[in-house]
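**Q** Take this structure first; my questions come after.
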Ligand code: SF4
Ligand code: FES
């Protein structure tokens with residue numbers, strides 16, 4: 001087994017002692033197959049128990065280990081050391097306040113997720129006895145990609161628009177709204193529209209596309225947002241046609 | 001325990017220098033300006049044409065002058081950047097579902113290039129070049 005000495009430069013912020021964040025370097029002996037999260041766990045277990053960071057599954061499904069690694073938003077459990085040099089810089093996700101070390105405050109993200117009504121709004125409620133809402137494989141396919149989000153917030157860290165205008169609802173939440181809008185069992189598009197098709201919603205997006213590039217689940221939130229822009233624009237224009245509904 | 005979250009600000013004017021992908025985005029945005037400027041030059045050409053032969057000859061002399069050629073080269077380069085960037089993004093914004101499959105991105109992008117080539121040839125024929 002080959003082992004490498006990696007210098008891990010970790011952004012530290014201890015609210016009780018530190019006025020601002022600073023970098024602390026740990027030297028970690030790393031086996032070839034490790035990911036950055038393994039190296040952090042080594043630090044926590046063997047070198048410095050005060051280091052704080054979030055993780056849970058170690059297999060890219062829980063979405064809790066998002067951090068900025070060598071300037072790029074990544075899941076620490078998916079960032080293989082073999083793809084990095086001997087010095088690796090680890091910072092908390094950008095565009096969020098730092099709670100402590102690599103742990104960010106995610107309240108804003110949670111509120112935004114909630115704001116888009118991310119649940120099925122069926123045409124008519126069915127009781128359990130009436131069975132489930134049926135869907136064909138093709139209907140599933142229409143939204144499946146947008147349902148793969150693991151709420152890791154890498155897209156918010158990559159999005160300069162969110163950094164510059166924090167009121168922006170942002171990539172993952174808008175993609176999630178699109179996911180429900182595209183669901184054949186859902187009729188909630190109108191109910192979501194006030195939030196989604198607003199200035200803080202899709203129209204704040206200038207299609208930098210960074211969100212889709214960093215998304216570990218290929219959700220393509222940027223694509224979702226452009227599709228919503230397109231259908232909202234169509235709605236707007238048809239509303240001016242005779243019989244085109246009210247504005 | 002009291003909390004004291006630390007807020008880092010994104011520099012308002014220099015944020016795009018932080019990552020190659022942001023610089024690329026800025027280049028796309030700037031390329032739109034080049035296209036707009038070239039449109040203006042063409043519109044001015046139309047006005048000059050309406051003003052008579054002398055005005056037209058003057059405009060023609062400007063666009064074929066060395067400076068005019070340099071402007072053409074720059075605008076051509078930037079409109080290539082603009083066009084390729086947006087063509088690349090089309091499959092994200094336009095998904096075409098057939099049954100349980102989506103029409104593959106490269107097919108959609110390819111179709112755009114075919115139409116682009118066809119329109120270019122048509123314009124060249126109109127202009128008497130080809
Ligand atoms: S859209 Fe992708 S990057 Fe954004 S939170 Fe979901 S999984 Fe993470
Ligand atoms: S630890 Fe769960 S996604 Fe990385």
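Since every read-out is calculated from the coordinates, none of them should be taken as a lab result. The shown structure was predicted, so the numbers you read here are calculated from the model rather than taken from an experiment. In this analysis, Cβ positions are derived from the backbone assuming ideal geometry, glycine residues included, and neighbour counts consider all displayed protein chains.
**Q** Specify the residue that is nearest to the other protein chains (Cβ to nearest Cβ); the eligible residues are those in the stretch A:69-81 that are more than 14 Å from ligand 2 (Cβ to nearest atom) and either in contact with a helix residue (DSSP H, G or I) (Cβ under 7 Å, 6 or more places away or on another chain) or in contact (Cβ under 8 Å) with a residue 40 or more places away in the chain (or both).
**A** Looking at the filtered set, the residue picked out is A:72.
**Q** Run residue A:78 past the list (1) within 13 Å of ligand 1 (Cβ to nearest atom); (2) exposed (fewer than 15 other Cβ atoms within 10 Å of the Cβ) and report the number of the one that doesn't hold.
**A** (2)
**Q** With (1) farther than 22 Å from residue B:28 by Cβ; (2) without any contact (Cβ under 8 Å) to a residue 24 or more places away in the chain; (3) within 13 Å of ligand 1 (Cβ to nearest atom) as the list, and residue A:238 as the residue in question, which single condition is left unmet?
**A** Answer for residue A:238: the failing condition is (3).
**Q** Now for a separate question. Please go through the stretch A:218-230 and give me each residue that is more than 7 Å from chain B (Cβ to nearest Cβ), surrounded by 19 or more Cβ atoms within 10 Å (Cβ to Cβ) and within 16 Å of the chain's Cα centre (by Cα), ordered by number.
**A** Residues satisfying the conditions are A:219, A:221, A:224, A:225.
Per-residue answers, yes or no, for (1) away from ligand 1 (no atom under 16 Å from the Cβ); (2) out of contact with any strand residue (DSSP E or B) (no Cβ under 8 Å at 6 or more places or on another chain); (3) assigned to a loop (DSSP other than H, G, I, E, B):
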residue: A:17; (1), (2), (3): yes, yes, yes
residue: A:25; (1), (2), (3): yes, no, no
residue: A:40; (1), (2), (3): yes, no, no
residue: A:49; (1), (2), (3): yes, yes, yes
residue: A:57; (1), (2), (3): no, yes, yes
residue: A:63; (1), (2), (3): no, no, yes
residue: A:74; (1), (2), (3): no, no, no
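**Q** Kindly indicate whether any position in the stretch B:37-53 is farther than 30 Å from residue A:16 by Cα, in contact (Cβ under 8 Å) with a residue 40 or more places away in the chain and within 14 Å of chain A (Cβ to nearest Cβ).
**A** No, because not a single residue in the stretch B:37-53 is farther than 30 Å from residue A:16 by Cα, in contact (Cβ under 8 Å) with a residue 40 or more places away in the chain and within 14 Å of chain A (Cβ to nearest Cβ).
**Q** Would you confirm whether or not the stretch A:82-90 contains a residue that is closer than 26 Å to residue A:160 by Cα, within 14 Å of another protein chain (Cβ to nearest Cβ) and away from ligand 1 (no atom under 16 Å from the Cβ)?
**A** Yes; the residues of the stretch A:82-90 include at least one that is closer than 26 Å to residue A:160 by Cα, within 14 Å of another protein chain (Cβ to nearest Cβ) and away from ligand 1 (no atom under 16 Å from the Cβ).
**Q** Condition check: at the interface with chain B (Cβ under 10 Å from one of its Cβ atoms) and away from ligand 2 (no atom under 16 Å from the Cβ). Does residue A:171 satisfy that?
**A** No.
**Q** Still on this model: What is the residue count in the stretch B:31-68 for residues that are closer than 30 Å to residue A:210 by Cα and surrounded by 13 or more Cβ atoms within 10 Å (Cβ to Cβ)?
**A** 6
**Q** Moving on. Assess whether residue B:68 counts as being more than 14 Å from chain A (Cβ to nearest Cβ) and over 30 Å from residue A:231 (Cα atoms).
**A** It is true that residue B:68 is more than 14 Å from chain A (Cβ to nearest Cβ) and over 30 Å from residue A:231 (Cα atoms).
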